[in-house]
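The structure appears right after this line, and notes come after that.
The values are calculated or read from the model by the stated rules, or taken from the named source; none is laboratory data. These figures come from a predicted structure and were not determined experimentally. Please note: Cβ atoms are built from the backbone with ideal geometry, for glycine as well, and neighbour counts cover all protein chains shown. Keep in mind that these areas ignore ligands, DNA and RNA; they rest on the heavy atoms of the full protein, side chains included. Shrake-Rupley method; radii C 1.70, N 1.55, O 1.52, S 1.80 Å.
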Amino acid sequence: MTATPTKMRQEVLEIPIAVERLLKSGQDDISRAADALRGQAPSFMISVARGSSDHVATYLKYAAELLMGTPIASVGPSIASIYKRQLNLAGSACLSVSQSGKSPDIVEMARMAREGGALSIAMTNHPDSPLAKVADHTLNLHAGPEISVAATKTFVNSAVAGIWMLAEWVEDESLLRAITDLPTKLEQAVHTDWSEVKHALGGRNSIFCLGRGPAYAISNEAALKFKETCQLHAESYSSAEVLHGPVSIVDGGFPVIALAAKDDAESALASVADELAQKGAKVFATTDHAKHATPLPVTRTDHALTDPIALIASFYALVEGIADSRGINPDAPRHLKKVTETV
């Protein structure tokens with residue numbers, strides 16, 4: 001174990017403060033973007049992002065489809081940056097998500113979307129970035145400096161900014177109340193003890209992460225963080241997909257973490273978690289609906305759409321501890337750098 005906290009640990013513990021800062025400073029950006037979306041009334045939306053930011057986009061896809069029935073499709077940035085194609089996006093909206101706002105392919109796709117008729121909204125921690133310059137509206141994440149290569153604060157603030165914008169768009173008062181209370185809930189979440197998962201991993205080098213609906217986006221982010229900070233082979237699946245082939249590699253003690261929000265998918269995910277546990281897997285689940293999987297303590301946020309944000313905060317605290325226990329510095333993952341600029 002390291003003698004002093006890693007930067008990643010410090011930044012995970014700063015998540016509640018970062019969200020509170022966003023809520024205090026971001027209202028004007030959010031209101032303008034929400035008003036523009038209300039005026040545009042897009043019949044569909046696209047998202048442009050990579051890595052952790054793309055997992056935010058997946059979360060917002062489910063949220064938009066559940067809240068107002070507006071589908072969001074992820075569009076490959078290479079359509080604009082490599083293939084130089086123009087999409088017909090008249091009357092739509094484009095959400096681009098990038099911590100740095102610098103990656104040329106994300107910038108080029110956001111520019112093309114705007115030229116194609118989309119209302120272009122950028123979410124970035126750098127409101128003076130190239131991405132912000134090609135957008136109609138920019139949501140400053142107000143996450144503060146993030147030194148560790150592994151994104152934590154910026155992921156959470158991106159998710160909060162996005163769901164806040166959607167809640168303002170549809171004027172969902174119950175969701176807005178839950179968002180306002182997130183700093184308090186996240187303070188609990190980052191101190192939740194999931195160390196049982198660390199002990200169960202032992203010498204294992206492979207794990208499944210499961211989710212469903214908005215929590216599937218959190219499963220994707222969890223699998224990425226296992227890989228980049230712990231050098232673990234991790235795969236993310238919807239609980240509706242894992243039994244269609246991937247289950248074949250599950251053997252006795254195979255680790256699985258099932259991330260469930262308190263929503264309509266919770267029971268279905270718990271059922272799959274139990275089925276995997278009965279096949280011999282060591283399954284941990286953030287639900288008390290499961291009978292055979294080991295339940296993990298969980299912070300609920302008083303709204304199903306904000307529950308996944310608390311889940312990832314608790315997970316970040318876990319995965320930093322796993323990396324540290326394996327003698328890996330999560331602040332400087334092998335072969336990675338903080339800003340990756342792809343074409």
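Report the Cα centroid-to-centroid distance between segment 14-46 and segment 271-333 in angstrom, as an integer. About 28 Å separates the Cα centre of segment 14-46 from the one of segment 271-333.
As a fraction of the 1.4 Å probe accessible area of the chain, surface on carbon and sulfur atoms comes out at 50 percent. Working note: Cα atoms of segment 144-280, range along each principal axis, descending, whole Å: 47, 36, 23.
Equivalent ellipsoid of segment 58-174: semi-axes from √(5λ) of the C-alpha gyration tensor, largest first, are 21, 20, 12 Å. When the charge dipole of the chain is built from unit charges on Cβ atoms (+1 for Lys and Arg, -1 for Asp and Glu) and taken about the Cα centre, the candidate among 328, 240, 269 whose Cα reaches farthest toward its positive end is 328. With the biggest extent put first, the Cα atoms of segment 232-285 measure 29, 21, 19 Å across the principal axes. Net charge dipole, segment 197-343: roughly 460 debye, given to the nearest 20, about the Cα centre with Cβ charges of +1 for Lys and Arg and -1 for Asp and Glu.
Taking amide H as placed 1.01 Å from N in the peptide plane, residue 47 has its amide H under 5 Å from the amide H of 73, 74, 75, 95, each at least 5 places away in sequence or on another chain.
Each Cα pair of the chain feeds into the Kirkwood radius, which the Stokes-Einstein equation turns, at 37 °C and 0.692 mPa s, into a diffusion coefficient of 163 µm²/s. Highest mean packing comes first when the peptides 37-44, 299-306, 15-22 are listed by Cβ atoms within 10 Å, giving 15-22, 299-306, 37-44. This model, with +1 at the C-beta of Lys and Arg and -1 at the C-beta of Asp and Glu, gives segment 248-296 a dipole about its Cα centre of some 180 debye. Taking all protein chains as they are arranged and a probe of 1.4 Å, the heavy atoms of residue 243 leave approximately 60 Å² accessible to solvent. Entry note, the chain: the mean residue ellipticity at 222 nm calculated from DSSP H runs of n ≥ 4, each adding -39500 (n - 2.57), is -14000 deg cm²/dmol after division by the residues and rounding to the nearest 500. Centre-to-centre separation between the Cα atoms of segment 68-109 and those of segment 110-172: 13 Å. The residues neighbouring residue 263, those whose beta-carbon lies less than 11 Å from its own, together hold a net charge of 0 under the Lys/Arg +1, Asp/Glu -1 convention. Its Cα gyration tensor gives segment 124-201 an equivalent ellipsoid, and the semi-axes of that ellipsoid, as √(5λ) in whole Å with the largest first, are 27, 20, 10.
The Cβ shell under 14 Å around residue 83 holds other residues with a net charge of 0, Lys and Arg each +1, Asp and Glu each -1.
Screening the chain for whole DSSP H helices with an alpha carbon extent of at least 30 angstrom along the helix axis and a mean Kyte-Doolittle hydropathy of at least 1.0 yields nothing.
Averaged per residue, segment 187-227 has 36 square angstrom of accessible surface, using a 1.4 angstrom probe with ligands and nucleic acids left out. If contacts are Cα pairs under 8 angstrom and at least 6 residues apart, what is the relative contact order of the chain in percent? Relative contact order here is 20 percent. For a label point 7 angstrom out from the Cα of residue 68 toward its Cβ, which stretches of segment 158-191 have the backbone nitrogen within less than 16 Å? Only 161-176 pass the distance filter. Highest-first packing order for the peptide set 61-71, 159-169 is 159-169, 61-71, based on the mean count of other beta carbon atoms within 10 Å. About the centre of its Cα atoms, the chain shows a dipole size close to 900 debye [charges on the beta carbon of Lys, Arg (+1) and Asp, Glu (-1) only; nearest 20 debye]. Based only on Cα atoms, what Rg/Rh ratio does segment 165-245 have, Rh being taken as Kirkwood's radius? Rg/Rh: 1.08.
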